[in-house]
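Here the structure is laid out as C-alpha cells; the discussion comes afterwards.
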Ligand code: CS2
Ligand code: MG
C-alpha cells in the first residue's frame with residue numbers, strides 16, 4: 001500500500017478546522033485534525049508545502065518511521081505548528097491502519113480498559129447566580145463533572161464568560177478582541193463562587209476550574225489553598241508552564257489537584273512536571289501533542305508517576321480529535337477524564353462520527369478506524385474565515401496571559 005494523495009481541507013462550520021486526508025493507492029483513506037485555533041493557515045502551508053511532497057509514495061503502515069521522519073527530519077523540531085501538522089498526519093495514518101486491520105482504533109491499542117468514558121462539561125456565568133444556574137443545567141443533562149467559570153465583578157469579559165446568552169466572548173473574532181484582567185479581584189471572587197456552588201449542588205458533582213495561565217506560583221498556591229474546603233476535582237492551567245519548577249511552590253502549599261498541558265506539544269514539555277509529580281492530570285490532546293503516537297508515549301510515562309490523563313476537548317479541537325481521544329481514553333490504563341464542550345450542528349454535519357455522548361459519558365463506537373469522517377461537500381458550504389483568540393491586558397495596559 002502506498003500514499004497516493006494528501007488533501008488539506010480547511011472549513012469553518014461555526015469555527016475554523018484544518019483536516020488532513022491521506023488517500024492510499026488501494027482506496028483506503030484516513031483523516032486527522034491539524035487545527036491550531038487562530039493560526040490555522042500556518043499549519044495548512046506547513047502540510048501542503050513541506051510535508052505532503054515528502055510522504056507521497058511512502059508506506060502508510062510505517063506510522064512510527066513517518067512520525068520520526070517528520071519530527072527529527074525537520075531539524076526545526078517541536079512547537080505548535082509543526083506538531084499539529086505531525087499530529088494530523090499521525091491520526092490519519094492510525095485511521096488507515098485500523099481500517100486495514102478491520103477494527104476500531106482502541107482495539108489496535110490494546111482493547112478497552114473501561115466500558116465508558118467520564119467527561120466534563122463547561123458551565124459559566126457573569127454572576128454567581130448565573131454560574132449556579134449553568135451548573136444545575138449541566139447536572140440535569142447528566143454530567144457528573146462540570147467546569148465552572150465565573151465573571152469577576154467590575155470586569156466586562158473574562159475568559160470563558162458569555163457576553164450574552166448566545167455566544168462566548170472568547171469566540172474567535174476577525175481581529176483579536178482585548179480583554180481586561182485583575183488577578184487580585186479574581187482571587188478575591190473565585191472562592192465565593194465555589195462556596196456557593198458547594199452549598200447548592202452538594203458534594204456528589206465533580207467541580208473543576210480553569211485559571212487559564214494567569215497566576216504566579218504564589219497566587220496559584222493561595223487560590224489552591226482557599227479552594228481546598230470545596231474539594232475541586234482540579235485547578236487547571238494555574239500558572240504558565242514555561243517554568244515547570246514554578247509548580248513546586250504551588251505543590252508545597254495546597255492539596256487541590258493540579259491539571260496542566262493542553263498547549264503542550266511534546267513529551268518534553270511535560271517531563272519534569274510528571275517526573276516531580278507536580279501535576280495530577282496531564283491535558284495533552286491528539287491534535288497538539290503528536291497524534292496517537294505522541295499521546296501514547298506521554299500517557300505511558302505519566303502512568304509511572306500516578307498522573308492521569310485528561311485530554312483537552314473544547315470546541316476548537318475537531319470531532320476528529322475527539323474521536324481519536326476517545327479511542328485512547330477507552331484503552332489507556334491511567335485514564336482520568338475527558339473534556340467535552342460539544343459542537344454546533346454544522347460541525348456534526350461536516351464530521352459524521354461513530355462516537356457518542358450519553359448522560360455524562362462518551363464512547364468512541366465500534367466503527368473501524370477512529371470512526372470519524374469528513375463530508376467534503378458540506379465543508380464547501382463553510383469557507384475559512386480568518387479569526388483570532390482574544391488577547392488580555394492588566395488594568396494598566398500590560399499585555400497579560402489570555
Ligand atoms: C480551555 C480551552 O477548554 C479549555 O480548557 O483552556 O477552551 C482554550 O481556551 C481554547 O482551546 C483556546 O483555543
Ligand atoms: Mg484549559
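Each reported figure results from applying straightforward, stated rules to the coordinates on display, with no laboratory input. Predicted model, so just to flag it, every value in this text is computed and none were measured. Counting neighbours? That spans all protein chains shown, and the Cβs are built from the backbone with ideal geometry, glycine included.
Expressed as a rounded percentage, what relative contact order does segment 3-103 have, with Cα pairs under 8 Å and six or more residues apart?
Relative contact order comes out at 34 percent.
Measure out, as a whole number of angstrom, how far apart the alpha-carbon centroids of segment 266-298 and segment 300-347 sit.
Segment 266-298 and segment 300-347 have Cα centres separated by 12 Å.
Find how much the distance from residue 277 to residue 25 grows on full extension, using 0.36 nm per residue of separation minus their present alpha carbon separation; answer in nm with one decimal.
So the chain would gain 86.1 nm between residue 277 and residue 25.
Apply the a/c threshold of 1.5 to the C-alpha gyration tensor of segment 3-103 and tell me whether it is rounded, prolate or oblate.
Since a/c reaches 1.5 but b/c is at least a/b, the shape of segment 3-103 is classed as oblate.
Using Cβ counts within 10 Å as a stand-in for footprinting exposure, how do 78, 126 rank, fewest first?
78, 126
Percent of alpha carbon pairs in the chain separated by more than 41 Å?
Cα-Cα pairs in the chain separated by more than 41 Å: 11 percent.
Give the angle, between 0 and 90 degrees and rounded to the nearest 10, that separates the Cα long axis of helix 80-100 from the longest principal axis of the Cα atoms of the chain.
Approximately 60 degrees, to the nearest 10.
Could you please rank 119, 311, placing first whichever residue has the fewest other Cβ atoms within 10 Å of its Cβ?
Listing 119, 311 from fewest to most nearby Cβ atoms yields 119, 311.
Can you tell me the 0 to 90 degree angle between the C-alpha axis of helix 291-304 and the longest principal axis of the chain, rounded to 10?
Once rounded, the angle reads 50 degrees.
Using the count of nearby Cβ atoms within 10 Å as a rough guide to exposure, how do 203, 234 rank from fewest to most?
Listing 203, 234 from fewest to most nearby Cβ atoms yields 203, 234.
For the chain, what does -39500 (n - 2.57) per DSSP helix run (n ≥ 4), summed and divided by total residues, give at 222 nm, in deg cm²/dmol to the nearest 500?
Value at 222 nm, helices only, nearest 500: -10500 deg cm²/dmol.
Divide the volume of the convex hull of the Cα atoms of segment 211-341 by its number of residues and quote the answer in cubic angstrom per residue. Show your work: numbers first, answer last.
Numbers: hull volume 12.4 nm³, N = 131.
Per-residue hull volume (Cα only) is 95 Å³.
If you take every DSSP beta bridge whose two residues both sit in segment 108-368, what share of them, in percent to the nearest 5, is antiparallel?
Of those bridges, close to 20 percent are antiparallel.
Helix 319-331 versus the longest principal axis of the chain: what angle, 0 to 90°, nearest 10, using Cα atoms?
Roughly 80 degrees, rounded to the nearest 10.
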